[in-house]
Amino acid sequence: MSTEPINTEEPSEETEQTGRQRLVAGLWPPRVSRAQLIVALLLFVLGLGLAIQVRSTSDTSALRGARQEDLVRILDEVDDRTKRLQDEKQRLEDQRTELENSSDQAEEARKQTVEKEAQLGVLAGTVAAQGPGITLTVTDPKGLVEADMLLDAIQELRAAGAEAIQINDVRVVANTYFTDDEGGVRVDGRKIGPPYEFKAIGRPQDLEPALNIPGGVIQTLEKEQATATVTRSQKIVVDALRPAKRPDYARSSSS
């Protein structure tokens, strides 16, 4: 029976280094195939997507893990924010309404100012006027009609509600005065003669009776052998004008 000797010698250092070198040489530099590169890229994208999903899930589920006190506080904050937004909305709507009303009020005030200006113009005699009223025509063949008789006629018409009066071509206003003159009278310094024609705007049914009262204007004129004729009309035009005079010292207290 033959036996073979067993080799008990350890591998030499040169042989061990050569094996390590082979292992290192086999691992580095890494040899990556195209398929491995694609798989690695897909794994990276998948991992990134999973990370984003986990974070999003953590954010949306944060309220689920919150304490009751925190949930109440968050709800209160949301309610407060909602209330502030509603208050802001209401404030803006109120401003819009105020602006709309202010515009309407300004327009209405403008209209009222124009109307008031026209009314004052009628009273001051600076604008023409028209409306229902009467015409009083006084003839004076004897030349006996005096200034005070014509002034009485003006007073009676005013007392009966006449809003605008004109005698011949002179507009009668608050400070109108009458004086006697040869062959006629003077009204506010302007001489006029017969026939004297009064145009008065107002209610005809009030103006005419005021002149015909016993002992009134018409009877007084008839005593002086004058003739007075009253004619009602639904359209009397008073177009004699006074120039607008600016006061020297008086000013509006609102200016």
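The values are calculated or read from the model by the stated rules, or taken from the named source; none is laboratory data. Since the model is a prediction, treat every value here as computed from it, not as a measurement. Note that we place each Cβ from the backbone using ideal geometry, even for glycine, and neighbour counts take in every protein chain shown.
Evaluate the following for Gly216: is it at positive phi and surrounded by fewer than 17 Cβ atoms within 10 Å (Cβ to Cβ)? No. The requirement of being of a type in the set (D, E, K, R) and within 25 Å of Pro243 (Cα to Cα) is satisfied by Arg186.
For every residue, the table says whether it meets (1) among the acidic types (Asp, Glu); (2) closer than 20 Å to Glu146 by Cα.
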| residue | (1), (2) |
| --- | --- |
| Gly184 | no, yes |
| Arg190 | no, yes |
| Pro195 | no, yes |
| Gln205 | no, no |
| Glu224 | yes, yes |
| Thr229 | no, yes |
| Ser233 | no, no |
| Arg242 | no, no |
| Arg251 | no, no |
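Of note, Leu207 does not satisfy the criterion of being touching a residue at least 60 places away in the same chain (Cβ under 8 Å), more than 14 Å from Ala164 (Cβ to Cβ) and outside any loop (DSSP other than H, G, I, E, B).
A residue that is surrounded by fewer than 15 Cβ atoms within 10 Å (Cβ to Cβ) and out of contact with any strand residue (DSSP E or B) (no Cβ under 9 Å at 6 or more places or on another chain) can be found somewhere in the stretch 159-173. For the stretch 122-134, state whether one or more residues are of a type in the set (S, T, N, Q) and either within 26 Å of the chain's Cα centre (by Cα) or closer than 24 Å to Gly184 by Cα (or both). The answer is no, given that none of the residues of the stretch 122-134 is of a type in the set (S, T, N, Q) and either within 26 Å of the chain's Cα centre (by Cα) or closer than 24 Å to Gly184 by Cα (or both).
The set of residues in the stretch 103-153 being of a type in the set (D, E, K, R) and touching a residue at least 12 places away in the same chain (Cβ under 8 Å) consists of Asp140, Lys142, Glu146, Asp148, Asp152. Within the stretch 230-251, the set of residues being part of a strand (DSSP E or B) and loosely packed, with under 13 Cβ neighbours inside 10 Å comprises Thr231, Gln234, Lys235. Being of a type outside the set (Phe, Trp, Tyr) and closer than 20 Å to Asp140 by Cβ holds for only one residue in Ile165, Ile213, Ile236, and it is Ile165. Mind checking whether some residue in the stretch 216-223 is in contact (Cβ under 8 Å) with a residue 24 or more places away in the chain and of a type in the set (S, T, N, Q)? Yes, there is a match, as at least one residue in the stretch 216-223 is in contact (Cβ under 8 Å) with a residue 24 or more places away in the chain and of a type in the set (S, T, N, Q). When we screen Leu41, Leu120, Leu92 for residues that are under 30 Å from Glu156 (Cβ atoms) and at pLDDT 65 or above, the only hit is Leu120.
Quick one: is Gln225 surrounded by 21 or more Cβ atoms within 10 Å (Cβ to Cβ) and of a type outside the set (A, V, I, L, M)? So Gln225 fails the test.
Scanning for something closer than 22 Å to Val122 by Cβ, in a strand (DSSP E or B), within 53 Å of the chain's Cα centre (by Cα) and not aromatic (Phe, Trp, Tyr), does the stretch 210-226 turn up at least one residue? No: zero hits. For the stretch 90-199, the strands (runs of 3 or more DSSP E) that sit wholly inside it and include 3 or more residues that are within 23 Å of Ile236 (Cβ to Cβ) are 129-139, 164-167, 170-172.
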